[in-house]
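What follows is a short report on a single structure.
The values are calculated or read from the model by the stated rules, or taken from the named source; none is laboratory data. Quick caveat, the model's predicted, so the values are computed rather than measured. Note that each Cβ is placed from the backbone with ideal geometry, even for glycine, and that neighbours are counted across all protein chains shown.
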Amino acid sequence: MKLELQGITKSFGGFVANDSIDLVVEPGTVHCLLGENGAGKSTLMNVLFGLYEPTSGRILVDDKPVAFKGPADAMNVGIGMVHQHFMLVPVFTVAENVALGNESVKGGGVLDLEQTRKAIREISDRYGFHVDPDAVVEDLPVGVQQRVEIIKALVRKADLLILDEPTAVLTPQETDELIDIIGQLKANGTSIIFISHKLREVKAVSDKITVIRRGKVVGSADPSADVKELASLMVGREVDLSLGRIHSDGDDVRLSIKDLTVRTETGHAAVNGLSLDVRGGEILAVAGVQGNGQTELVEAIIGLHPKAEGSIALGGEELLGRSVKEIIRRGVGFVPEDRSTDGLISQFSIADNLVLNRYDQPPIARGLALKPKAIAASAVEKVKEYDIRTPTAANAASTLSGGNQQKVVLARELARELRLFIASQPTRGVDVGSIEFLHRRILAERDHGTPVIIVSTELDEVMELGDRIAVLFHGRLMGVVPGNTSRDVLGLMMAGSTAEEAFAEASAAPGMETTQDGPTLPGGIA
Amino acid sequence: MSAQTTESTTTLAQRLRQSSALVSVLAVVLSLIVGGLLIALTDERTRGAAGYFFSRPGDTLSAAWQAASGAYAAMFRGAVFNYNASNGVDMIKPLTETLTMATPLITASLGVALAFRAGLFNIGAQGQIIIGAAMAGYIGFAWQLPWPIHILLVVLVAMLGGAVWGGLVGWIKARTGAHEVILTIMFNYVAVHLLAYILTLPAMLRPGSNNPVSPIMQPSAQYPLILGPDFRVHLGFLLGLLATWGVWWLLERSTIGFELKAVGANPSAARTAGINTTRATVIAMVGAGALAGLAGAAQVNGTEFSLANGIAASIGFDAITVALLGRSKPLGVLFAALLFGAFRAGGVAMQSQTGTPIDIVLVVQSLIVLFIAAPPLVRTVFGLNARRKRRQAEPDEAPPGNQPPSSSLTAGSSL
């Protein structure tokens with residue numbers, strides 16, 4: 001299908017989200033929409049999918065103008081969309097989800113799931129999806145759920161597939177698999193619009209790149225374009241991609257974890273006999289595919305798993321068994337991996353969120369009484385220092401963009417003199433400009449002499465920030481390797497090899513290097 | 001994005017709490033209109049005129065109008081100002097009756113509101129009032145103490161009784177994870193029947209009587225009348241105002257309130273920030289119970305002066321409505337309680353003067369809850385939806401009042 005957008009403008013009141021955007025997607029190609037969070041990519045796709053009516057401009061499908069009253073119209077002409085947040089019913093099977101809204105019925109209105117199952121198997125075989133039509137969706141890994149979404153679109157005969165930030169929820173391996181799938185879809189003549197702000201993927205997958213900034217098309221590029229050039233086009237200024245950092249060896253051991261075992265409620269050992277030291281003035285990056293014990297490890301340190309076994313000693317003092325508050329009072333700063341559920345109270349004001357971990361300490365409080373002036377003063381200071389973009393700190397935290405929300409969390413956690421700083425997924429869902437800023441803040445804390453633990457599923461971020469890298473697999477420590485260890489070795493360790501095995505295997509394979517000399521791409525933007 | 005996910009996971013308590021002030025006011029207006037229609041429909045004259053509606057529709061309409069306006073005018077005379085009265089005392093007496101009726105509602109509703117803010121749906125005000133009243137009542141008639149000490153003790157014991165009754169729920173919830181709605185409902189039953197039982201014990205009854213009514217409170221345990229002997233307004237009203245201020249201070253100006261609100265809004269973020277969520281649950285329920293217990297003392301030592309089975313009337317349940325109507329804000333709760341006090345005071349006058357059954361007041365109160373629980377309905381009725389839809393349509397990447405998308409650039413950018 002050939003798709004053409006001509007002069008699409010979408011404004012909301014006085015705010016123009018899309019400003020006369022022109023876009024042509026040729027049949028059987030992958031067209032990338034590159035732009036930061038809030039650039040207007042999603043609005044444009046919602047216009048294309050019939051969710052918004054454009055203020056002006058028109059959409060042409062195979063050179064014929066079309067008008068969409070809703071997603072059903074868009075699906076009828078062959079446009080399918082895979083949303084960033086999946087639209088699946090978790091307790092339904094794959095077949096039931098695919099059938100939903102597009103049910104085949106036998107006589108008398110009886111549901112004919114067999115036909116849907118057949119269609120799923122056919123598509124699954126053709127593209128090597130390995131999706132069982134009778135699996136229950138909530139039991140499937142995220143990557144497979146995404147394939148179910150793609151199948152949903154294909155069953156409805158989509159010739160053009162919109163993938164909205166498809167890799168945001170995927171592990172590196174799943175991302176690679178998705179890129180393969182996109183290649184096959186393309187080979188079968190399906191056009192694809194791929195929306196992302198991650199440069200590495202965009203370069204890997206696309207035939208054509210259109211860069212959007214502040215609702216306007218600011219340029220287009222070929223996938224061969226230089227990463228730095230794309231980044232500056234996207235952000236609108238020169239971006240310094242390398243932090244120009246020096247690896248640190250750290251000084252004495254400050255945090256010492258011994259034989260730590262953390263069990264989940266079902267008794268499964270999420271962290272299994274783990275021992276680890278972190279030195280002052282170094283960043284220990286914890287790598288691993290999501291769900292291999294990283295979450296439980298940091299939660300145990302901060303005191304959220306009171307029944308963990310083993311020992312976690314900070315400066316010689318045992319932390320296990322202490323309450324979260326006691327551990328925070330001992331100078332542990334913590335950025336949780338999911339800021340919207342654990343890091344912020346979205347209904348609270350930005351000012352209140354900035355004092356969430358010290359609301360009962362002077363000068364914020366005296367006795368039982370809060371000091372509103374002190375809260376406001378701290379907010380003014382932090383909003384300025386961290387450049388939190390808001391009209392006033394009295395606004396609810398929910399009004400901030402993801403990057404600014406993360407700045408609030410980081411500002412709060414770094415506001416005190418720390419003896420240990422832990423950040424989980426510090427830049428997940430954060431725009432490029434803010435990533436750079438957040439990384440510099442974390443490095444500054446390290447240079448201040450604080451031991452730092454970074455947990456990230458983004459290998460680039462791990463390699464960029466880590467002075468040493470600890471790799472977790474199924475709750476076990478596969479080894480701690482130097483920060484300049486190559487992607488190949490880390491990948492093998494993340495798949496369950498010990499450090500020795502991984503180094504041996506990587507050096508045996510031709511063309512693989514065990515350490516990297518050249519500069520790596522910075523964390524989240526790659 | 002995060003706003004969307006949190007929205008989809010809000011609890012019922014959170015949704016109810018977040019309904020706007022405008023919706024509260026409109027819900028009251030709408031309920032009064034529907035109540036007026038019901039008064040008109042049940043009026044004999046209106047129904048008689050409706051029999052020949054098609055020949056003289058004006059008769060039906062004027063009869064309906066007279067029925068509804070007459071009933072509401074009587075309600076106004078009974079609740080606010082009796083312009084038909086012959087002397088000044090009788091003229092303003094209705095307003096003081098409203099204050100009297102509102103007194104137990106104020107503190108009980110503050111208790112419900114306090115628990116709401118901590119994310120707890122406290123259905124148990126009724127039981128907490130009963131326990132508070134029972135303890136205050138016993139101290140009030142059985143003990144002999146000098147005047148100021150007796151009153152003070154009655155107040156403290158009532159609060160203690162309610163606090164224990166509410167705190168038990170908080171403690172069980174914190175320990176076992178049992179849901180507070182179930183717990184409070186069951187504790188209500190226990191309290192009702194416990195009271196019925198102790199009112200069979202000879203020590204609790206008037207000498208020589210088998211009626212389940214306690215002796216009269218000692219004069220030293222009766223709340224003083226604050227506007228003189230002509231009016232029933234008593235010390236409890238001042239305590240209600242004090243409690244309103246106290247709850248406001250607790251919620252808006254104290255570290256405890258900060259904890260309660262944090263736990264109510266996002267327990268996992270609160271826990272991650274070091275707040276002890278089980279402690280917050282217990283504190284909220286203890287506070288809620290103490291406030292409801294205070295309402296119990298107002299009933300038994302302020303207006304009834306003896307302990308009987310119906311001591312709590314339906315105050316504990318009305319308190320839930322009042323807390324919702326006042327959006328769990330102390331000042332909002334105060335005004336909502338005064339409104340409900342006016343309904344009760346006015347309803348009596350309405351029934352005696354126009355024959356409109358007092359049940360219509362209950363209908364209006366119930367409609368208020370219904371409309372508050374369904375804000376979209378109220379918005380549709382008053383045509384507010386168009387505006388809201390437009391707001392919703394704005395992209396989540398650029399919430400209104402926020403900056404344009406360029407805001408995500410960092411410091412030092414020189415655009």
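Below are the figures for this structure:
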read-out	value
Matching entry among A:291, A:331, A:321, A:316 (being more than 8 Å from every other protein chain (Cβ to nearest Cβ), surrounded by fewer than 18 Cβ atoms within 10 Å (Cβ to Cβ) and in contact with a Leu (Cβ under 7 Å, 6 or more places away or on another chain))	A:331
Selection from region A:434-471 of residues that are small (Gly, Ala, Ser), surrounded by fewer than 24 Cβ atoms within 10 Å (Cβ to Cβ) and within 14 Å of chain B (Cβ to nearest Cβ)	A:444
Residues satisfying the stated conditions in region A:345-384, i.e. more than 9 Å from chain B (Cβ to nearest Cβ), more than 20 Å from residue B:272 (Cβ to Cβ), surrounded by fewer than 21 Cβ atoms within 10 Å (Cβ to Cβ) and not basic (Lys, Arg)	A:362, A:363, A:374, A:376, A:377, A:380, A:381
Any hit, region B:329-342, residues being touching a residue at least 24 places away in the same chain (Cβ under 8 Å), more than 17 Å from the chain's Cα centre (by Cα) and under 21 Å from residue B:298 (Cα atoms)	no
Scan of region B:113-128 for residues that are part of a helix (DSSP H, G or I) and touching a Phe, Trp or Tyr at 6+ places or on another chain (Cβ under 9 Å), ordered by number	B:115, B:125, B:126, B:127, B:128
Residue, nearest to residue A:377 (Cα to Cα), within region A:334-344, restricted to residues that are within 8 Å of chain B (Cβ to nearest Cβ) and crowded, with 21+ Cβ neighbours inside 10 Å	A:344
Any hit, region B:379-386, residues being crowded, with 18+ Cβ neighbours inside 10 Å, away from every other protein chain (no Cβ under 14 Å) and modelled with pLDDT of 80 or more	no
Filter result for residue A:54 (touching a residue at least 60 places away in the same chain (Cβ under 8 Å), assigned to a loop (DSSP other than H, G, I, E, B) and away from chain B (no Cβ under 11 Å))	no
Candidate set from region A:105-126 (those that are assigned to a helix (DSSP H, G or I) and charged (D, E, K, R)); member that is modelled with the lowest pLDDT	A:126
Verdict on residue A:286 being farther than 25 Å from residue B:262 by Cβ, touching a His at 6+ places or on another chain (Cβ under 8 Å), more than 14 Å from every other protein chain (Cβ to nearest Cβ) and not charged (D, E, K, R)	no
Qualifying residue in region A:300-307 (condition: part of a strand (DSSP E or B) and more than 12 Å from chain B (Cβ to nearest Cβ))	no
Residue in region A:262-274 that is touching a residue at least 12 places away in the same chain (Cβ under 8 Å), surrounded by fewer than 20 Cβ atoms within 10 Å (Cβ to Cβ) and small (Gly, Ala, Ser) present	yes
Some residue of region A:405-422 being more than 18 Å from the chain's Cα centre (by Cα), within 7 Å of another protein chain (Cβ to nearest Cβ) and either crowded, with 22+ Cβ neighbours inside 10 Å or of a type in the set (Lys, Arg) (or both)	no
Conditions (1) part of a helix (DSSP H, G or I); (2) away from every other protein chain (no Cβ under 14 Å); (3) in contact with a Ser or Thr (Cβ under 9 Å, 6 or more places away or on another chain); (4) more than 12 Å from residue B:114 (Cα to Cα); number of the one not met by residue B:216	(1)
Qualifying residue in region A:108-125 (condition: free of Cβ contacts under 8 Å to residues at least 12 places away in the same chain and among the small types (Gly, Ala, Ser))	yes
Answer from B:271, B:206, B:232 - the residue that is farther than 22 Å from residue B:111 by Cβ and either hydrophobic (A, V, I, L, M, F, W, C) or outside any loop (DSSP other than H, G, I, E, B) (or both)	B:271
Complete set of residues in region A:127-152 that are touching a residue at least 40 places away in the same chain (Cβ under 8 Å), in contact with a helix residue (DSSP H, G or I) (Cβ under 8 Å, 6 or more places away or on another chain), assigned to a helix (DSSP H, G or I) and within 22 Å of residue A:1 (Cβ to Cβ)	A:127, A:146, A:150, A:151, A:152
Residue A:46 vs. criteria of a type in the set (S, T, N, Q), away from chain B (no Cβ under 14 Å) and out of contact with any strand residue (DSSP E or B) (no Cβ under 7 Å at 6 or more places or on another chain)	no
Residues of region A:385-394 that turn out to be at the interface with chain B (Cβ under 8 Å from one of its Cβ atoms) and either among the charged types (D, E, K, R) or surrounded by fewer than 21 Cβ atoms within 10 Å (Cβ to Cβ) (or both), as a count	3
Residues that are more than 23 Å from residue A:436 (Cβ to Cβ), in contact (Cβ under 8 Å) with a residue 60 or more places away in the chain and aliphatic (A, V, I, L, M), drawn from region A:372-416	none
Filter result for residue B:236 (touching a Gly at 6+ places or on another chain (Cβ under 7 Å), within 14 Å of chain A (Cβ to nearest Cβ) and more than 17 Å from residue B:332 (Cα to Cα))	no
Single residue of B:295, B:280, B:270, B:262 found to be of a type in the set (A, V, I, L, M, F, W, C), more than 14 Å from chain A (Cβ to nearest Cβ) and closer than 21 Å to residue B:115 by Cα	B:295
Single condition residue B:69 does not satisfy, out of (1) among the hydroxyl-bearing types (Ser, Thr, Tyr); (2) modelled with pLDDT under 95; (3) assigned to a helix (DSSP H, G or I); (4) touching a Ser or Thr at 6+ places or on another chain (Cβ under 9 Å)	(4)
In region A:6-46, the residues that are closer than 23 Å to residue A:232 by Cα, charged (D, E, K, R) and part of a strand (DSSP E or B)	A:19, A:22
Unique match (being free of Cβ contacts under 8 Å to residues at least 12 places away in the same chain and assigned to a helix (DSSP H, G or I)) among B:135, B:186	B:186
Residue match in region B:313-336 (condition: touching a His at 6+ places or on another chain (Cβ under 6 Å), buried (at least 24 other Cβ atoms within 10 Å of the Cβ) and more than 14 Å from chain A (Cβ to nearest Cβ))	no
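To keep it simple, each residue is scored yes or no on (1) at pLDDT 90 or above; (2) surrounded by fewer than 21 Cβ atoms within 10 Å (Cβ to Cβ).
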| residue | (1), (2) |
| --- | --- |
| A:46 | no, no |
| A:50 | no, no |
| A:70 | no, yes |
| A:76 | no, yes |
| A:80 | yes, no |
| A:91 | yes, yes |
| A:100 | no, yes |
| A:103 | no, yes |
